[in-house]
């Protein structure tokens, strides 16, 4: 990928084809159903090229929701490791950002950033679908 | 020398690989768009399949430890090569790269190779979901392949030739196969849906059951090649059906041949898209039942009827 | 092929929106055994709530589950109000019930969509979730939140319906009812959907009783329980609730029960709006709660929800026990899975309406 | 739910115990029993009354004892209350009578350290396998935050 034109083409493609994968590491479901809502007719993120993938090997962006519980910790890290580079992490919702209302619980480790390098934080409890789309687009603007 | 150049151009540009690539991207987009619109969504922009493909090509390519890298790389290439080779014998809009008596058999044989590669791809990567998906794709293969083959035999019997171009030409002179043999056309369509593993027969890659089936562990370039081979296969399958049942590119002379061919192909694509919106996914045993108890006997009936028509 | 393979379903699996681990042992395509592992979403809420005041806990219990958030605070508030001896104004009770019913509609439509996705019927998913947006819109208009509403406070509700909103909400409810009727028609007539759900995950009424299963799963097996009618909490004593029942006991029956319940809920919503009494929506509640204990029950979208609250006279609860309805149906999954095809695992699991956040707490 | 009738029934089954009904909001009736009699009482309820639905079992750590509350429901609430000593918290399982109690008992076992004798599958349900220290709902267990405050 030494040629500048090739780099430009690849960047163009990456910005227009972000495939996401979702893992709830201990949240209350509120953010998760809003993430699913992204696919439905009102928000339809397929118009932005966003597809929800099932296998970590196919995904570019990991959407994390919920605080990280002790049982989920290792699984979350493994999912991230399985994803091929270049990959990004979005923390969806207040819990994923900081632990939210559950911070201080005996089984809660805190936000996702305790574990993974988070690229964009989308706060809100639960955060609205519009905010998530904005978060993904903010991330894509930074993609090189 | 000039002959060689023309042959190369035919192979690489039109109606060869470059053309097929463009068609694959276009058809994939139309398919996704139609499905989205029927579900009340906006759908992706026209360049979406291309962007997806380039992005996958530029991604890191990892395989689980303990798998044979060469095998995993060879399988999607094999699958793609088989469908590309098949495409050489299929007339497109009046142009034929290659044709001989009996090329229908060759095409059918080549089109049955990708499922095998798909199955082996599942075993080669070795994940639980991949293996189950691979097994299912093989089981599915046995269910749809026989009715599909028999359905495609009947136009050949009727026109008395085993060359695709010949069948299409004969039909455009007389009457479309789909009108004489509507049953055969429907059987071939159902078989094609099974072959392409499209909903409602997307059993080997059922997302809610086995993640992505045999492709679960593939990533990056290999995944891009798999996707491309599936998309090209869709195009080739549709072209084949248009030639065998809808009279190819020939028409009463109202429109130029390439345009009629394009319209017919899009029509078949539309049927496939609508079918995937309308039905829930079947179970593998339900598909096997459907294949052997319904489709296969109907296909036999169809052949018997064709032979009888041909005799009288 | 008699070799046994163990298929892990979860913690990360497209079938599950939340982490849960099922190890399914299959012989060929037939399930022979299953093992369940919970706790991926266990946040220790029952311990955490002892460190927060009664008012702070409103927000914590709302987040036990994001789908049925309002009914959790309803059960909690009604318990604390009973301890305090507070009489909630009638208008407050009506509005509380209104949100409960809207939430039921949204939850059942969401479930229908998830079922559709799990049996590979994308279109049902898209349509059900598109129509669900109407219910979400109304709830957002009333409370400001799409999914979690913070509608309840101890002593009443903090929302109100103005005269200007009234007619627009009623007309949207009518629209939604027509759409759900249409969806019900699709469910009843679409053959592939029936083929996939009929006879799957059968539970007999005896099994329902032995395992103490509640909610739509019990009602689909012909066990007639519904706390809205039997317990008459909130404003349900003033409403006539028709309980949707079916007798087949399979996933198909559960689908019908939930769809009919959604239609009934919309009818109740209209009834509540039309009969909405005048007056205040809440009364002030003291911070400290006198010592005592209370058992508070409510009918969540998934069935009976139980809160046990014990107060020691301070401003923080001494013990809160939450029993969520999904836990009861989860016990039956092992029996339901035995002998089904691998492909039906997703149908069985969606049939009970999994809500792991509720289960794990 | 006919509470006097149920009290009569339980008294008949357990002649040694002195049973009383305590009414608690919201329409809930508590009957206290010695732990050894609980299994027999549940059996009597199932076999000789129309009560069959066990809503849940609540466990709590009170002064001096671990209290278990068996919440039943049949048109009204009935709760059987029993107390176990903190250092020897053991009770017979009721999963043989009500299989649905299995998860509730497992939860109490890990959260409060109660042993249910004869439980068919006494594994932890929610806590991680590598959980160390006191059961989280026991009084001696402190959250990280509380530990800091205490120091």
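Between a first residue in region C:216-229 that is free of Cβ contacts under 8 Å to residues at least 24 places away in the same chain and a second residue that is buried (at least 22 other Cβ atoms within 10 Å of the Cβ) and not in a loop (DSSP other than H, G, I, E, B), which pairs have beta carbons less than 6 Å apart while being 6 or more apart in sequence or on different chains?
Every condition considered, the pairs that remain are C:223/C:208.
Looking only at region C:250-284, how many residues end up being assigned to a loop (DSSP other than H, G, I, E, B) and in contact with a helix residue (DSSP H, G or I) (Cβ under 6 Å, 6 or more places away or on another chain)?
Let us first name the residues in region C:250-284 that are assigned to a loop (DSSP other than H, G, I, E, B), namely C:250, C:275-281, C:283-284.
Of the ones still in play, those that are also in contact with a helix residue (DSSP H, G or I) (Cβ under 6 Å, 6 or more places away or on another chain) are C:276-277, C:279, C:281.
Number satisfying all stated conditions: 4.
When you check residue B:267 against the structure, is it out of contact with any strand residue (DSSP E or B) (no Cβ under 7 Å at 6 or more places or on another chain) and part of a loop (DSSP other than H, G, I, E, B), yes or no?
no
So for region C:317-325 (the condition being in a helix (DSSP H, G or I) and either more than 10 Å from chain D (Cβ to nearest Cβ) or closer than 19 Å to residue C:203 by Cβ (or both)), does at least one residue qualify?
yes
Just give me the residues in region C:282-300 being touching a strand residue (DSSP E or B) at 6+ places or on another chain (Cβ under 6 Å), buried (at least 18 other Cβ atoms within 10 Å of the Cβ) and within 14 Å of another protein chain (Cβ to nearest Cβ), in sequence order.
C:289, C:293, C:294, C:295, C:296, C:297, C:298, listed by residue number.
Residue by residue, here is whether (1) facing another protein chain (nearest Cβ under 7 Å); (2) in a helix (DSSP H, G or I); (3) more than 14 Å from residue C:307 (Cα to Cα) holds:
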residue: C:43; (1), (2), (3): yes, no, yes
residue: C:46; (1), (2), (3): yes, yes, no
residue: C:57; (1), (2), (3): no, yes, no
residue: C:67; (1), (2), (3): yes, no, yes
residue: C:71; (1), (2), (3): no, yes, no
residue: C:87; (1), (2), (3): no, no, yes
residue: C:91; (1), (2), (3): no, yes, yes
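Only one of (1) crowded, with 21+ Cβ neighbours inside 10 Å; (2) in contact (Cβ under 8 Å) with a residue 40 or more places away in the chain; (3) over 24 Å from residue A:144 (Cβ atoms) is not met by residue A:61, so which one is it?
Every listed condition holds for residue A:61 apart from (3).
This table checks each residue for (1) touching a strand residue (DSSP E or B) at 6+ places or on another chain (Cβ under 7 Å); (2) surrounded by fewer than 20 Cβ atoms within 10 Å (Cβ to Cβ); (3) farther than 17 Å from residue C:57 by Cα.
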| site | (1), (2), (3) |
| --- | --- |
| C:271 | no, yes, yes |
| C:280 | no, yes, yes |
| C:307 | yes, no, no |
| C:316 | no, yes, no |
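What number of residues in region A:30-50 are at the interface with chain C (Cβ under 9 Å from one of its Cβ atoms) and in a helix (DSSP H, G or I)?
Qualifying residue count, region A:30-50: 8.
Since residue C:232 meets every condition but one in (1) within 24 Å of residue C:128 (Cα to Cα); (2) within 13 Å of chain D (Cβ to nearest Cβ), which condition does it not meet?
(1)
Residues of region C:137-164 being part of a helix (DSSP H, G or I) and touching a helix residue (DSSP H, G or I) at 6+ places or on another chain (Cβ under 6 Å), which ones?
Taking region C:137-164 and keeping what is part of a helix (DSSP H, G or I), we get C:137-143, C:163-164.
Listed by number, the residues that qualify are C:138, C:139.
Across region B:196-226, what is the number of residues that are under 16 Å from residue B:28 (Cβ atoms) and either within 10 Å of chain A (Cβ to nearest Cβ) or without any contact (Cβ under 8 Å) to a residue 12 or more places away in the chain (or both)?
The number of residues fulfilling the criteria is 3.
Quick check: anything in region B:148-159 modelled with pLDDT under 80 and either in contact with a helix residue (DSSP H, G or I) (Cβ under 8 Å, 6 or more places away or on another chain) or on the phi < 0 side of the Ramachandran plot (or both)?
Among the residues of region B:148-159, at least one is modelled with pLDDT under 80 and either in contact with a helix residue (DSSP H, G or I) (Cβ under 8 Å, 6 or more places away or on another chain) or on the phi < 0 side of the Ramachandran plot (or both), which makes the answer yes.
In region B:40-58, what residues are in a loop (DSSP other than H, G, I, E, B) and surrounded by 21 or more Cβ atoms within 10 Å (Cβ to Cβ)?
B:41, B:44
Which of the residues spanning region B:245-264 are touching a helix residue (DSSP H, G or I) at 6+ places or on another chain (Cβ under 7 Å) and either surrounded by fewer than 22 Cβ atoms within 10 Å (Cβ to Cβ) or within 14 Å of another protein chain (Cβ to nearest Cβ) (or both)? Spell out how you get there, then give the answer.
Of region B:245-264, the ones touching a helix residue (DSSP H, G or I) at 6+ places or on another chain (Cβ under 7 Å) are B:245-251, B:261, B:264.
Within region B:245-264, B:250, B:251 qualify.
How many residues, within region C:329-361, are within 9 Å of chain D (Cβ to nearest Cβ), assigned to a helix (DSSP H, G or I) and closer than 24 Å to residue C:293 by Cα?
Initially, region C:329-361 is screened for residues within 9 Å of chain D (Cβ to nearest Cβ), giving C:330-332, C:359-361.
Right, trim to assigned to a helix (DSSP H, G or I) and you get C:330-331, C:359-360.
Okay, now just the ones that are also closer than 24 Å to residue C:293 by Cα, so C:359-360.
Residues flagged as within 9 Å of chain D (Cβ to nearest Cβ), assigned to a helix (DSSP H, G or I) and closer than 24 Å to residue C:293 by Cα within region C:329-361 amount to 2.
Table: residues versus (1) within 17 Å of the chain's Cα centre (by Cα); (2) more than 9 Å from every other protein chain (Cβ to nearest Cβ); (3) more than 28 Å from residue B:273 (Cβ to Cβ).
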| site | (1), (2), (3) |
| --- | --- |
| B:2 | no, yes, yes |
| B:23 | yes, yes, no |
| B:31 | yes, yes, no |
| B:52 | no, no, no |
| B:58 | no, no, yes |
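Among (1) assigned to a loop (DSSP other than H, G, I, E, B); (2) under 28 Å from residue B:46 (Cβ atoms), where does residue A:117 come up short?
(2)
When residue B:63 is evaluated against the numbered criteria (1) facing chain A (nearest Cβ under 7 Å); (2) part of a loop (DSSP other than H, G, I, E, B); (3) surrounded by 18 or more Cβ atoms within 10 Å (Cβ to Cβ), which criterion, by number, is the only one it fails?
(1)
What strands (runs of 3 or more DSSP E) completely inside region D:1-118 contain at least 3 residues that are within 13 Å of chain C (Cβ to nearest Cβ)?
Here the list reads D:21-24, D:28-32, D:53-62, D:65-73, D:77-85.
Given (1) within 10 Å of chain C (Cβ to nearest Cβ); (2) touching a residue at least 12 places away in the same chain (Cβ under 8 Å); (3) outside any strand (DSSP E or B), where does residue A:74 come up short, assuming only one miss?
All conditions pass for residue A:74, except number (2).
Across region C:125-173, what is the total count of residues that are away from every other protein chain (no Cβ under 14 Å), touching a residue at least 12 places away in the same chain (Cβ under 8 Å) and either more than 19 Å from residue C:93 (Cβ to Cβ) or surrounded by fewer than 18 Cβ atoms within 10 Å (Cβ to Cβ) (or both)?
8
Might you let me know whether region D:22-45 holds any residue that is out of contact with any strand residue (DSSP E or B) (no Cβ under 9 Å at 6 or more places or on another chain) and under 19 Å from residue C:295 (Cβ atoms)?
no
Go through region A:1-27 and report how many residues are part of a strand (DSSP E or B), farther than 30 Å from residue A:103 by Cβ and in contact (Cβ under 8 Å) with a residue 60 or more places away in the chain.
0
Considering every residue within region D:101-109, establish whether at least one is in contact with a strand residue (DSSP E or B) (Cβ under 9 Å, 6 or more places away or on another chain) and more than 22 Å from residue C:324 (Cβ to Cβ).
no
Of (1) assigned to a strand (DSSP E or B); (2) within 25 Å of residue A:22 (Cα to Cα); (3) more than 7 Å from every other protein chain (Cβ to nearest Cβ), residue C:7 satisfies all except one. Which?
With (1) assigned to a strand (DSSP E or B); (2) within 25 Å of residue A:22 (Cα to Cα); (3) more than 7 Å from every other protein chain (Cβ to nearest Cβ) applied to residue C:7, the lone miss is (3).
The values are calculated or read from the model by the stated rules, or taken from the named source; none is laboratory data. Fair warning: this is a prediction, and the values are worked out from it, not measured in the lab. Here Cβ is always computed from backbone atoms with ideal geometry, including for glycine, and neighbour counts include all displayed protein chains.
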